[in-house]
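Since the structure comes first, as structure tokens, the remarks are kept for the end.
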Amino acid sequence: MGQITLNQITKSFGDVQVIPPLDLQIDDGEFVVFVGPSGCGKSTLLRLIAGLEDVSSGDITIDGKNATEVPPAKRGLAMVFQSYALYPHMSVRKNIAFPLRMAGIDKAAQDAKVAAAAKVLNLTDYLDRRPGQLSGGQRQRVAIGRAIVREPAAFLFDEPLSNLDAALRVNMRLEISELHQSLKTTMIYVTHDQVEAMTMADKIVVLQAGRIEQVGSPLELYHTPRNKFVAGFIGSPKMNFLTGSFADEFDAATIGVRPEHLTVSQSDGKWVGKVGVSEHLGSDTFLYVDMDGVDEPITVRSSGEIGFRHGDIVHLTPAPDKIHRFDNQDLRIA
Amino acid sequence: MARAVSTRRKALVTICAWAVGIAIFFPILWTVLTSFKTEAEAIASPPSFLFFDWTLENYSTVQERSDYFRHFSNSVIISFGSTLLGLLIAIPAAWSMAFVPGKRTKDVLMWMLSTKMLPPVGVLIPIYLLFRDTGLLDTRIGLVMVLTLINLPIIVWMLFTYFREIPGEILEAARMDGAELWSEIVYVLTPMAVPGIASTLLLNIILSWNEAFWTLNLTAVDAAPLTAFIASYSSPEGLFYAKLSAASTMAIAPILIIGWFSQKQLVRGLTFGAVK
Amino acid sequence: MATQHSRAAARLMISPAVLLLLGWMIIPLSMTLYFSFLRYNLLIPGMEEWAGWTNYEFFLTDPAFFAALKNTLLLVGGVLLITIIGGVLLALLLDQPFWGQGIVRILVIAPFFVMPTVSALVWKNMFMNPVNGLFAYFAKFLGLEPFDFLSHAPLFSIILIVAWQWLPFATLILLTALQSLDSEQLEAAEMDGANFLNRFVFIMVPHLARSITVVILIQTIFLLSVFAEILVTTNGGPGYASTNLTYLIYAQSLLQFDVGGGSAGGVVAIILANIVAIFLMRMIGKNLEA
Ligand SMILES: Nc1ncnc2c1ncn2[C@@H]1O[C@H](COP(=O)(O)OP(=O)(O)O)[C@@H](O)[C@H]1O
Ligand SMILES: [Mg+2]
């Protein structure tokens, strides 16, 4: 079981309220990702759930029981830290066994569980090494192993992949997703990287300055962002925003078009601009187009074969049903 | 990268460095050598450096006359006892300061250090009288108590500087793994801080071993450690250089050896972590 | 890191240390303060009576007090001067590459591990003794009159002995600091045309400033209460020539059994130490922040 409910929780450090009153429901078995820019309170929220920090007000329920006052050791949750937080003086085996040892489980049962976890995580050959002798990816797996063995009600991950290089990050992302498929345990995963959020989550929680901006599945957020912030944060490259006469035409304060929803042509189209930088990735080409009356260059994603150069005049046309409209409060106009 | 240095320059530096090193070490060397001479040779003129009849006689004389081993065991008990007791009190305190810092943590640390500034002589009389009235005068337990208290600020400070470098996340991980406070300190913090705790231990053993205000003023016979054992040689009585040297060698040898082995760890400890 | 539980635990865990140190400060201090206003001699028990400021008057007008104050300052200042200048020079020397670095380091650090009573007695008898000491022998060898160090320059002799004990400490710390200096900085300065003196003044000295502060702080704490070295060499004499405050108060209390007078002296010593402490804590407080 792993159902977690946050009810009107707040958190202040001194006079600064980092989390204003916040409600959230996390269902058993869900993979929930908290995403938001750095400093928006994701870690704080996770640590409140973990019990590493006290809530300033409100309460936290885990599996129907009020856990607000329960110390972290007793909440039945497991956490994987950004720095992995492995015990440097213990072997991998001892690291993974530590929660079992703390729970007073007998030695034979400990060994069996450690062996099983090591097998799942491909760590069997490394059990007698110290964390210092492992690569970043292996350390990461030890941290996950330590979390798995105690069969927690939920896993908490705080930016677990941010210390890995790009290739390894993709691998570990898949491994964590697979782990979730096989364990079917609730996972709460914090990241500032919207790609991780989109690829892993059942449910994404977008945070800004401690507030929840939107909760939904990755595609819900992609297709119907509730406001301009979510629209700009989810999707890569970022959504283009236009104001002024461009928006007036659609009865909105701002309109947004994703780079993949713009078609580019040499001869005709709705808007005209001049190519600034073009990036050829092979599969795709990203054009950054300067338009009169728009501050930032407009990003266009087109096929890999297209051959525009710096200074070329191009015409852009948005797909008509893919235009997002926002009012002067930055809220979505349905 | 250090650049290649000309051999001539290196030779020159080597000569200077060794000359200075030997000059600084000479009083100790001379003492050790003299301890193997007879009293007559000890004051012979010109002094003989290596070519004399080596004898161990002084050592047995000193043991007979002043009971070295009793003083030695007092020194061991007092310095180890006060250091271990100090660690026992200081580890939890340093844990609090390093991992649950509050607004006043820094003030508390400064205050603790400032108690080291309290001149011992300012409280000599009350301690002397309290000890006299409670029967603690000239007891090892009394000295252990006093030395624990005077070294406690240093122990807390040193441990604090070592603990501060341990990432708090690791202790939080232990908490998430179900460790109670006690297990967190015993199984995670302490083993991680072993190098720091070891150098704290060593430095405080050295400081307590050589402490010579309280050990001289609060002991007479029973609890007297080596500092007092040596002080009994302060009034000359006939020929006594060789015996004085033997006694001195015996008093400093244990700590000199410990000190040499641990000199690397000592620097950080000695400076409260301010120089690494 | 901080929850109600952990904060409560933290208070509990720090309290033994705080309470013990608080007791160690308050109980004897208030007793000293109380005694300092009494006429109280251990040889005449049961005759204690209120004395007002008399003890202070006697102590502060006693010429011995001024002698001791001057000696204390000379002792602390002299030792600091010798050890810091010597320590910087030695550190510069030992920082150069040479054969046998490890062994020389061990030789240089050794005096720090020698207990004060031993070093004082060894210097007094085997080196400074005007008849049988090594110095006397060398003087005679050179055809000079042997100098009686402890009778004619007692304070200077004690400064030498104490400086010998603390030189290794200063050297070791300054050497460590020097080794942590980024060699690229020095090379950059060299490229900029700085000669050794320039590099020393503009790069090394500022880099060493923090360590020098630490050396001053820690040595001052210990040097203010130098005691054993005086006890076993000169007993503060001749006259008061080598008496520092610590020794003066010790003599008054435990040799003359004048608890009242000794306590008044103790209070004065505490006040003076506090003045010094305030300066030092400011210095170190700033330095430890970084
Ligand atoms: N212990 C603390 N004391 C004071 N402020 C804190 C503390 N921890 C976090 N904060 C503040 O709370 C805000 C949110 O921090 P955090 O949750 O770490 O952000 P994120 O993980 O989203 O990057 C930041 O502005 C941070 O400065
Ligand atoms: Mg964070």
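The values are calculated or read from the model by the stated rules, or taken from the named source; none is laboratory data. Every value quoted in this text rests on a predicted model; they were computed, and no experiment measured them. Cβ sites come from the backbone with ideal geometry, for glycine too, and all protein chains shown count toward neighbours. What goes into the accessible areas is simple: the full protein's heavy atoms, side chains included, and nothing from ligands, DNA or RNA. Shrake-Rupley method; radii C 1.70, N 1.55, O 1.52, S 1.80 Å.
Observations
- Distances between placed amide hydrogens fall under 5 Å for A:Ser56 paired with A:Thr10, A:Lys11, A:Ser12, all partners being 5 or more residues away or on another chain.
- Reachable aspartates and glutamates, given that their alpha-carbon falls under 12 Å from the alpha-carbon of A:Lys74 and they are not under 8 places away in the same chain: B:Asp177, B:Glu180
- Take each residue of peptide C:202-211, count the partner chain Cβ atoms within 10 Å of its Cβ, and average: the result is 1.
- Between 0 and 90 degrees, the angle of helix A:136-148 with respect to the longest Cα principal axis of chain A falls at about 60 degrees.
- Choice from C:Leu223, C:Leu248, C:Leu89 showing the highest fluctuation, given a GNM over chain C with Cα pairs closer than 10 Å: C:Leu89
- Kyte-Doolittle at least 1.6, axis length at least 18 Å by Cα - qualifying DSSP helices, chain B: B:140-163
- A simple count of charges around A:Ser302, restricted to other residues whose Cβ falls under 10 Å of its Cβ and scoring Lys, Arg +1 and Asp, Glu -1, yields -2.
- Residues whose placed amide H lies under 5 Å from that of A:Gln208, excluding near-sequence neighbours: A:Glu213
- Accessible area in the full protein assembly, largest first, 1.4 Å probe, for C:Glu145, A:Glu213: C:Glu145, A:Glu213
- Projected-area mean, the stretch C:46-170, by convex hull of Cα positions, square nanometres: 12.6 nm²
- The C and B chains share an interface that buries close to 9100 Å² of accessible area, total over both sides, probe 1.4 Å.
- Among A:Val206, A:His192, A:Leu179 the positive-end extreme of the charge dipole of the stretch A:4-231 (Cβ point charges): A:Leu179
- Leading residue at positive end of dipole, the stretch A:238-326 (Cβ point charges), from A:Pro259, A:Trp271, A:Ala247: A:Pro259
- Farthest towards the positive end of the charge dipole of chain C, among the residues C:Ala68, C:Ala136, C:Met47, is the Cα of C:Met47, using unit charges on the Cβ of Lys, Arg, Asp and Glu.
- Top of C:Asn71, C:Asn274, C:Asn195 by mean-square fluctuation, Gaussian network on chain C, Cα under 10 Å: C:Asn195
- Cβ-placed point charges (K, R +1; D, E -1), dipole of chain C about Cα centre in debye, nearest 20: 380 debye
- Between A:Ser182 and A:Gln17, the FRET efficiency estimated from the beta carbon spacing at R0 = 51 angstrom works out to 0.80.
- A simple packing score, the average count of other Cβ atoms within 10 Å per residue, orders the peptides B:200-206, A:84-90, B:172-178, A:24-30 as B:172-178, B:200-206, A:84-90, A:24-30, with the highest score first.
- Cα-based helix-to-principal-axis angle, A:166-183 vs chain A, degrees rounded to 10: 60 degrees
- Cβ-derived FRET efficiency at R0 60 Å, B:Ser235 paired with B:Trp111, nearest 0.05: 0.90
- For the stretch A:105-152 and the stretch A:231-248, distance of Cα centres in Å: 46 Å
- Rounded to the nearest 20, the size of the Cβ-charge dipole of the protein assembly as shown about its Cα centre is 1440 debye, with Lys and Arg at +1 and Asp and Glu at -1.
- Within the accessible area of the stretch A:238-326 (1.4 Å probe), percent carbon and sulfur: 47 percent
- Candidate aspartates and glutamates - alpha carbon under 20 Å from C:Lys124, same-chain residues fewer than 8 apart omitted: B:Glu39, B:Glu41, B:Glu211, B:Glu237, C:Glu145, C:Asp148, C:Glu229
- Residue list for the stretch B:32-66, given a label point 7 angstrom along the Cα-to-Cβ vector of C:Phe138 and an amide N cut-off under 14 Å: B:47
- The mean sequence distance of close C-alpha pairs (under 8 Å, at least 6 residues apart), as a share of the length of chain C, puts its relative contact order at 29 percent.
- For the stretch B:189-260 versus the stretch C:123-174, the spacing of their alpha-carbon centroids is 22 Å.
- Reduced Cα scattering model of the protein assembly as shown, Debye log10 I(q)/I(0), q = 0.05, 0.08 Å⁻¹: -0.44, -0.90
- Take the Cα of A:Glu151, go 7 Å toward its beta carbon, and the backbone nitrogen atoms of the stretch A:68-93 under 15 Å from that spot belong to A:76-78.
- Kyte-Doolittle mean at least 0.0, axial Cα span of 18 Å or more - DSSP H helices of chain C: C:4-35, C:63-94, C:154-179, C:205-223, C:259-289
- Computed packing ranks the peptides A:108-120, C:44-56, C:123-135 as C:123-135, A:108-120, C:44-56, most packed first, by mean other Cβ atoms within 10 Å.
- Inter-part distance where the stretch A:283-329 and the stretch B:1-77 are each reduced to a Cα centre, Å: 85 Å
- Choice from A:Val277, A:Val16, A:Val195 showing the highest fluctuation, given a GNM over chain A with Cα pairs closer than 10 Å: A:Val16
- Inverse of mean 1/r across different Cα pairs in the stretch C:55-289, Kirkwood, Å: 19.9 Å
- Across chain B, the longest piece that holds none of the chymotrypsin sites (Phe, Trp or Tyr not before Pro) lying in DSSP loops with up to 13 other C-beta atoms within 10 Å covers B:55-276.
- Residue-normalised accessible area of chain A, given per residue in Å² at a 1.4 Å probe: 45 Å²
- Once the Cα atoms are used to define both axes, helix A:107-120 deviates from the longest principal axis of chain A by about 20 degrees.
- Formal net charge of residues neighbouring A:Met291 (Cβ-Cβ distance under 13 Å; K, R +1; D, E -1): -2
- Two-site label geometry, C:Asn235 and C:His152: point separation in nm, points 7 Å out along Cα→Cβ: 2.3 nm
- Taking Lys and Arg as +1 and Asp and Glu as -1, the other residues whose beta-carbon sits under 11 Å from that of A:Leu207 total +1.
- Here the stretch A:238-326 is treated with +1 on each Lys and Arg Cβ and -1 on each Asp and Glu Cβ, and its dipole about the Cα centre works out to around 160 debye.
- Average Cα contact separation per residue, chain A, under 8 Å, 6 or more apart, as relative contact order %: 17 percent
- Taking N as its residue count, the alpha carbon Rg of chain B over 2.2 N^0.38 Å: 1.25
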